[in-house]
1. Grab the eigenvalues of the alpha-carbon gyration tensor for the chain, scale each by 5, take roots, and send me the semi-axes largest first in whole angstrom.
2. Stokes-Einstein D for region 132-240 at 10 °C, 1.306 mPa s, Kirkwood Rh over Cα pairs, in µm²/s?
3. For region 49-54, just list the computed ³J(HN,Hα) in residue order, Karplus coefficients 6.51, -1.76 and 1.60, θ = phi - 60°, integers in Hz, with x standing in for Gly and Pro.
4. Anyone know which of ARG152, ARG120, ARG103 comes out most mobile in the 10 Å Cα GNM of the chain?
5. Given a 10 angstrom Cα cut-off, can you work out which residue in ILE213, ILE36, ILE68 is the most mobile in a GNM of the chain?
6. Cα centroids of region 120-196 and region 34-49: how far apart, whole angstrom?
7. GNM on the chain, C-alpha springs below 10 Å: top fluctuator among TYR77, TYR26, TYR189?
8. Treat each spin label as a single point 7 Å out from the Cα along the C-beta direction, and report the ALA73 to LYS128 distance in nm.
Amino acid sequence: MDAEKPEYQRVLIKLSGEAFAGDEDYGISPDFLEYISREIKSLYQHGVQIAIVIGGGNIFRGVEGLEIGIDRATGDYMGMLATVINALALQSALERVAQIPTRVLSAIEMRQVAEPYIRRRAIRHLEKGRVVIFAAGTGNPFFSTDTASALRAAEISAQLLIKATKVDGIYTEDPLKNPKAEFIEEITYLEAITRDIRVMDHTAMTMCMENKIPILVLNIKKPGNLLKAVMGQKVGSLVK
């Protein structure tokens, strides 16, 4: 394989809201924004078409609302709005730090700050060399940003879904809680679902399986991992 030619031409990256908080429990880390912008730029410079789905856990989670008396649907909508905040922060960083043209497309219409999500428009932005950030999840309560990632990946015909995490890949258990957890380099969708290995939620996993979209789980905190992934080098764990 040509070392300079990426294995995947169009990818979708799922970034958790927690990653945006950096080393803190809440908020948006300027250091993380700069770091992730440079990592994404390395892909962009190789001609990769990049779409991103962002979580909002660093600001608000729908399930957290239940603890303070907010019903689940309302809490989920609040969580979707949190993802828009993260999307705008990442857009600003990508354009300032990496000097990459970027578009935010929101599943909940708010025309003053983002374009409404339209599938054909999203694909057109990608073809024109713009990084596309999908915000507000699917626009519906009771669906996770994992499901939004799988849905958007299928809609734009992404060749790879990258789930960026704080661990090196998939393990039999949480390696941060159990150091003896075994690393899984490759696994099938069905095996991951049957063994209840929480790569993504079951809805997202099933959607990726039906649309034959491989999922690569990697450690976003290790510089160069994103580039290795799109170049087809061994990194993280693959679900296919």
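1. Sorted largest first and rounded, they come to 24, 23, 18 Å.
2. Answer from the Stokes-Einstein relation: 111 µm²/s.
3. 7, 10, 10, 9, 10, 10
4. ARG120
5. Top of the fluctuation ranking is ILE68.
6. 18
7. Comparing TYR77, TYR26, TYR189 in the GNM, the peak value goes to TYR26.
8. It works out to 3.6 nm between the two label points.
Just so you know, all these numbers are worked out from the coordinates, no wet-lab data involved. Please read these numbers as outputs of a predicted model, since none were measured by experiment. A quick note on method: Cβ atoms are made from the backbone with ideal geometry, for glycine too, and the neighbour counts reach across all protein chains shown.
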